[in-house]
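Structure first, then comments.
The values are calculated or read from the model by the stated rules, or taken from the named source; none is laboratory data. It should be emphasised that the depicted structure is a prediction, and the values quoted were computed from it without experimental measurement. Positions of Cβ are generated from backbone atoms using ideal geometry, with glycine treated the same way; all protein chains shown enter the neighbour counts.
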Amino acid sequence: MLLLASAINYMDRQTLANASVRISREFGLNQTQYGNVEAVFGFAFAAGSLIFGWLADRVSLRWLYAGVLALWSVAGLVTGLVTSYDELLLCRALLGFFEAGHWPCAICTTRLLLDERRRSMGNGLLQSGASLGAIITPLIMQALMTTELGSWRVPFIVVGGVGLLWIVPWFVLIKGDDLRRPVAGPGEPARSAGAGFAEVIFSRRMLVVFFVIACINTTWQILRAWLPKFLQEGRGYSETHALTFNSVWFLATDLGCLGAGALAVWLARRHLSVHAARVLVFAGCAVLCAACVLVPWLGRGWLLLAVLSLAGAGALGVFPLYHAFTQDLSAEHQGKITGVAGVAAWLVPAQIQKLFGVLADRTGSFDLGLALAGFLPFLAVVPLWLFWEKTKSSPP
């Protein structure tokens, strides 16, 4: 159910990116204005992360999860009915705000169910739902859109309606006591109630988390949001070819996500510590992301598409490892940790989305922005390796 929720989350999110060229034409948007649409989503997501992160630690996950999923599905559906740029901005803000509830709910659930060694793989399965949804979305778009410019609206309505169907099996499968919160996660010693939220938030590890998520989510959101536009407007691919490759690209990201989680678990079962295994795999994913530096020198062709696929695999592969790091911080405050980290995760990318659009307008190209974005996960490796283990180690 978590994997499917992630898939629905990204289906509602990716409809815009896949229809970005059509929407830009219909409303007469330049790259800066399209960047603002993505930025509004990010700012709203940051606000929602705080609110739903706090709620995830205090109210029933069973009801909260169903509520936010229903509300973001409605916001996605209504986007298909907008008639102006301002209405589009409002709908994207509402979508971002309610989609933010997915991650605190999902990460809290995963932490309740899995011990430390298995969380990287569990998070990989959860996160891979994002790729699954994004793989399906371009296929839906191609099936539902016609040559008529305004036919982009139909997929928004269909995808939003499908999301509402998730609620039924959720309530059937998840009973009232299934997600009861223990004092500590399975297999962990009871935590002291004296470890307050402020102590966790201002710890060295939490500062590392802020920096890491700002870096990796900026890279991921730039690639996710701008890839269809880059292929069509930057390299001259047709809409059909761009959407088809978008599905292939997200398949590559899914393999990277699952592979990173599985590899970290495998290494931790051998001779490496859990932390060393995670950092080593994280660094490998960062190397793949850095392949974006080659984009300015590549024209249309298989080599460009291969480089983008490798970068995508690395860009999503770091996320199950990041979630595992956050799950080491506190059982009691997991929702709030995810929510507060979500502010850094979205405020920085939201601002960068605006700057990316401005840069694309000024240079007439997406190349430089993509190359710069690919280096950010490298920066995130440094504090994970140097500062994480200098604090009190996580329980076995």
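Residue 236 - would you say it is part of a loop (DSSP other than H, G, I, E, B) and modelled with pLDDT of 90 or more? Criteria met by residue 236. Of all residues in region 263-303, those satisfying the criterion of being farther than 30 Å from residue 231 by Cβ, in contact (Cβ under 8 Å) with a residue 12 or more places away in the chain and of a type in the set (Gly, Ala, Ser) are 264, 268, 277.
Given the criteria small (Gly, Ala, Ser), over 30 Å from residue 365 (Cβ atoms) and under 17 Å from the mean Cα position of the chain (by Cα), does residue 17 qualify? So residue 17 does not fit the description; no. What residue, of 295, 318, is touching an Asp or Glu at 6+ places or on another chain (Cβ under 8 Å) and buried (at least 18 other Cβ atoms within 10 Å of the Cβ)? From the options 295, 318, the qualifying one is 295.
Taking the residues in region 98-139 that are hydrophobic (A, V, I, L, M, F, W, C) and not in a helix (DSSP H, G or I) as candidates, determine which candidate is modelled with the highest pLDDT.
So in region 98-139, the residues hydrophobic (A, V, I, L, M, F, W, C) come out as 98, 100, 103, 105-108, 112-114, 121, 125-126, 130, 132, 134-136, 139.
Next, only the ones that are not in a helix (DSSP H, G or I) stay: 100, 114.
Working: 100: 92, 114: 75.
Checked region 98-139; the qualifying residue modelled with the highest pLDDT is 100.
Here's the yes/no breakdown for (1) in a loop (DSSP other than H, G, I, E, B); (2) free of Cβ contacts under 8 Å to residues at least 60 places away in the same chain; (3) touching a Lys or Arg at 6+ places or on another chain (Cβ under 9 Å):
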site: 51; (1), (2), (3): no, no, no
site: 55; (1), (2), (3): no, no, no
site: 62; (1), (2), (3): no, no, yes
site: 67; (1), (2), (3): no, yes, no
site: 70; (1), (2), (3): no, no, no
site: 74; (1), (2), (3): no, no, no
site: 90; (1), (2), (3): no, yes, no
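Criterion first (over 19 Å from residue 111 (Cα atoms) and hydrophobic (A, V, I, L, M, F, W, C)) does residue 144 satisfy it? Answer is yes for this residue.
Considering each residue of region 346-359 in turn, at least one proves to be under 20 Å from residue 131 (Cα atoms), out of contact with any Asp or Glu (no Cβ under 7 Å at 6 or more places or on another chain) and assigned to a helix (DSSP H, G or I). For region 240-277, a residue qualifies if it is more than 24 Å from the chain's Cα centre (by Cα) and among the charged types (D, E, K, R), and the qualifying residues are 269, 270. What pairs come out if I take residues in region 203-215 that are over 20 Å from residue 371 (Cα atoms) and pair them with residues that are outside any helix (DSSP H, G or I) whose C-beta lies under 8 Å away, six or more apart or interchain? Qualifying pairs under 8 Å: 203/329; 203/391; 204/391; 205/328; 205/329; 205/391; 206/329; 209/329. Return the residue satisfying two criteria in turn: it lies in region 162-181 and is surrounded by 14 or more Cβ atoms within 10 Å (Cβ to Cβ) and not β-branched (Val, Ile, Thr), and of such residues it is modelled with the lowest pLDDT. If we take residues in region 162-181 being surrounded by 14 or more Cβ atoms within 10 Å (Cβ to Cβ) and not β-branched (Val, Ile, Thr), then 181 is modelled with the lowest pLDDT.
Could you list, in sequence order, the residues of region 11-47 that are under 23 Å from residue 128 (Cα atoms), assigned to a helix (DSSP H, G or I) and hydrophobic (A, V, I, L, M, F, W, C)?
Filtering region 11-47 for residues under 23 Å from residue 128 (Cα atoms) gives 11-19, 38, 41-42, 45-46.
Filter once more, so that each one left must be assigned to a helix (DSSP H, G or I): 11-18, 38, 41-42, 45-46.
Matches in region 11-47: 11, 16, 17, 41, 45, 46.
Every listed requirement among (1) surrounded by fewer than 23 Cβ atoms within 10 Å (Cβ to Cβ); (2) in contact with a helix residue (DSSP H, G or I) (Cβ under 8 Å, 6 or more places away or on another chain); (3) modelled with pLDDT of 95 or more is met by residue 396 save one, (3). Residues in region 45-69 that are over 23 Å from residue 162 (Cα atoms), of a type in the set (Gly, Ala, Ser) and surrounded by fewer than 24 Cβ atoms within 10 Å (Cβ to Cβ): 46, 47, 60.
Specify the residue that is surrounded by the most Cβ atoms within 10 Å (Cβ to Cβ); the eligible residues are those in region 321-347 that are of a type in the set (D, E, K, R) and either in contact with a strand residue (DSSP E or B) (Cβ under 9 Å, 6 or more places away or on another chain) or within 15 Å of residue 205 (Cβ to Cβ) (or both). Steps first, answer last, please.
Pass one, region 321-347, residues of a type in the set (D, E, K, R): 328, 332, 336.
Next cut, either in contact with a strand residue (DSSP E or B) (Cβ under 9 Å, 6 or more places away or on another chain) or within 15 Å of residue 205 (Cβ to Cβ) (or both) only: 328, 336.
Values: 328: 20, 336: 24.
Top of the filtered list is 336.
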